[in-house]
Amino acid sequence: MKAACLKMARSANHDNQAHLSAEQILELAERGRRCRRYNEYIDHVAECAVCRETYKQLLTAEQAARVAQRPAWAPVLRFWLPVAAAATLILFFGGRALLSGGSESVALRQENGTWYEGATRLPEWAFASAARFERPPSALRSIPEGTSAPIRLLNPRPANAALESFTPEFRWERVPDAVRYRARLERADGTRSFSLKVEGERASLPEGVSLEAGVEYRLTIEALAGAELAGDGLKSVYEFRTLTPAEQEQLRWARANRSHAPRVCAVIFYQLGFYADALETLNTLPDEPQVKQWRAAAQEQIRARSGRE
């Protein structure tokens, strides 16, 4: 019976090579420190949430068998323990495969110093983002209602705090009664500024001008009615930061892998200031505690930026 149960457990576990096998977890639960590779197995269990939960369930079943008081129950327990053990393994390994479409667990995990999310091996620069997923940002102070900007920016997305392009085009919603617009871009430190070329509700950089990498910029848009002079119209101010070359590479990786590694990609988007992208990625995940906290943090950042004037 035990051999048959182990065969079922192996079948449930054959696609999960990143985890301990059915025999290894059973040996660890049954023999404890007498297990030949105890230190190796227990170190893995300490880092792998799936194997740890399976190991705990098997320990519970093993303990129940050992503390049975009535001798009459002993043969029954010896018969059913392997069955329960195999059922536990099938539940955690096979059930996980059903939930993830037959692939590895989507949970973030660390193996031999390398981070994975599901079957995706993360680049070294993403290790810090993977570790940070378990530590969502603290909630921001809520933004009061009624503070939305009078001129609504459409492109680049105002919910994001970063610019992908060094030659961006700005576009906004038409303001009623506005006959013309003025747009100006300046470095946040005030060392450089220039007027943008405006055509309708669009603006672009002057010919031959491009933004610098890793710099904070402030965009000011002004809508002027017929009799208004420059400086007297409705104004909205938006702040953005350009990405460094390394951050551009990180953004491209996150865009390419967001469906395979959504947790770490959401953290990368958030760290780069792409809060809308972070929220869209988080919304594809189940309502886990960390996911809910990351969603709340991204939503607060987006609300904070929508209130800039």
Considering each of SER236, SER210 in turn, give the residue that is in the same structural domain as THR191 (by TED's automatic domain parsing) and either over 33 Å from the mean Cα position of the chain (by Cα) or surrounded by fewer than 16 Cβ atoms within 10 Å (Cβ to Cβ) (or both). SER210
When TYR181 is evaluated against the numbered criteria (1) more than 36 Å from the chain's Cα centre (by Cα); (2) closer than 23 Å to PRO245 by Cα; (3) surrounded by 12 or more Cβ atoms within 10 Å (Cβ to Cβ); (4) not basic (Lys, Arg), which criterion, by number, is the only one it fails? (2)
For TYR181, the lone unmet condition from (1) part of a loop (DSSP other than H, G, I, E, B); (2) touching a residue at least 40 places away in the same chain (Cβ under 8 Å) is (1)
Set THR244, THR281: member being surrounded by 16 or more Cβ atoms within 10 Å (Cβ to Cβ) and of a type in the set (Ser, Thr, Tyr): THR281
Selection from region 122-135 of residues that are touching a residue at least 40 places away in the same chain (Cβ under 8 Å) and more than 18 Å from ARG258 (Cβ to Cβ): GLU134
Scanning region 1-30 for residues that are of a type outside the set (A, V, I, L, M, F, W, C) and exposed (fewer than 13 other Cβ atoms within 10 Å of the Cβ), the one modelled with the lowest pLDDT turns out to be HIS14
For region 196-309, which strands (runs of 3 or more DSSP E) that fit wholly inside it have 2 or more residues that are at pLDDT 95 or above, small (Gly, Ala, Ser) and within 20 Å of LEU153 (Cβ to Cβ)? 202-204
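The values are calculated or read from the model by the stated rules, or taken from the named source; none is laboratory data. None of these values were measured; they are calculated from a predicted model. Every residue, glycine among them, receives a Cβ derived from its backbone with ideal geometry; neighbour counts consider all protein chains shown.
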